[in-house]
Amino acid sequence: MMATTHVFAGLALVAPVAYLAPELSGPLAVGAIAGGIAPDLDLPFSHRRTFHFPVAGVAPALGAVALAALSPSAVTASLAAFVAAAWLHAASDALGGGPEMDPWQNRTERAVYDHVRGRWIRPRRWIRYDGAPEDAVLATTLAVPALLVFDGWVSAAILGGLAVSLVYALLRRRLIHWTAEWEWLE
């Protein structure tokens, strides 16, 4: 999935809390956006293994959410949003294709690494590849709850992210021909 889809998923996850506690909407948005992006900072390393924790990330996410519920503050809300969005990103990567530049070729059965079991989780390919038409639809759908709840800079960021997502989805299959194969992404 596109990074923006992961960000919108994180924002959709925290939108109900931001609606009920508008004083925490800023910290929740910052945490969700950063957490939606953070796992992909492993691109130069072992992508979808180094910073992706689809199974091991559940406990820290639940712990951070419990801490925020027991002691609500800007810091705990942002931390909970970050950890929960990062876990959601890692877990949902199994729903897509592999991490290669041309995942529509289905060259690998490695979607995301499970550190608990010490093996790769196979790709489900419900979202065939990042930027696939169904990814654009999912990104747009996930952006709606956040657009209804957040305003100001968050809404502007969401609208900008949607524009980037749609352009990327239109060009995604062509990008592989315009760029060299980046072996470090695999």
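The values are calculated or read from the model by the stated rules, or taken from the named source; none is laboratory data. Note that the coordinates shown come from a computational prediction; the quantities given were computed from them, not determined experimentally. Cβ: placed from backbone, ideal geometry, glycine included. Neighbour counts: every protein chain shown. Just so you know, the surface numbers come from the protein's heavy atoms only, side chains and all, with ligands and any DNA or RNA stripped out. Shrake-Rupley method; radii C 1.70, N 1.55, O 1.52, S 1.80 Å.
Run lengths n ≥ 4 of DSSP H only: what is the helix-derived mean residue ellipticity at 222 nm for the chain, with -39500 (n - 2.57) per run over all residues, to the nearest 500? Could the numbers behind the result be given before it?
On the way: 6 runs with 106 residues, N = 186.
Using -39500 (n - 2.57) per qualifying helix, the result is -19000 deg cm²/dmol.
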query: Under a 5 Å amide H to amide H cut-off, with H placed in plane at 1.01 Å, what residues pair with VAL112 once short-range neighbours are removed?
result: ILE121
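Skip the ligands, DNA and RNA, and give the accessible area per residue of the chain with a 1.4 Å probe, whole Å². Working shown, then result.
On the way: 9350 Å² over 186 residues.
That works out to 50 Å² per residue.
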- prompt: Sorted by accessible area with a 1.4 angstrom probe, largest first, how do GLU23, GLU109, GLU134, GLU100 fall?
  reply: GLU23, GLU109, GLU134, GLU100
field: Rounded FRET efficiency, nearest 0.05, which uses the C-beta distance separating ALA156 from THR108 and R0 of 45 Å
entry: 0.75
- prompt: To the nearest whole percent, what portion of all C-alpha pairs in segment 3-53 is separated by more than 12 angstrom?
  reply: 61
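Within the accessible area of the chain, what % is carbon and sulfur when the probe is 1.4 Å and the other protein chains stay in place? Don't jump to the answer; show the numbers that get you there.
Working: 6440 of 9350 Å².
Within the chain, the accessible surface is 69 percent carbon and sulfur.
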- request: Using the Karplus curve 6.51 cos²θ - 1.76 cosθ + 1.60 with θ = phi - 60°, work out ³J(HN,Hα) for each residue of segment 80-92 in order, rounded to whole Hz, and write x for Gly and Pro.
  value: 4, 4, 4, 5, 5, 5, 5, 5, 4, 4, 4, 5, 6
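Largest first, how would TRP120, TRP126 line up by accessible area (1.4 Å probe)?
Details: TRP120 50, TRP126 175 Å².
Heavy-atom accessible area, descending, gives TRP126, TRP120.
Give me the dipole magnitude in Debye, nearest 20, for the chain about the Cα centre, with unit charges on the beta carbon: positive for Lys and Arg, negative for Asp and Glu.
Numbers: 13 positive and 15 negative charges, 89 e Å.
Dipole of the chain, to the nearest 20 debye: 420 debye.
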field: Given charges at Cβ of Lys, Arg, Asp, Glu: the chain dipole, positive-most of ILE176, ALA69, LEU13
entry: ILE176
field: Listed residue (SER165, HIS89, LEU148) projecting farthest to the positive dipole end of segment 35-186, Cβ model
entry: HIS89
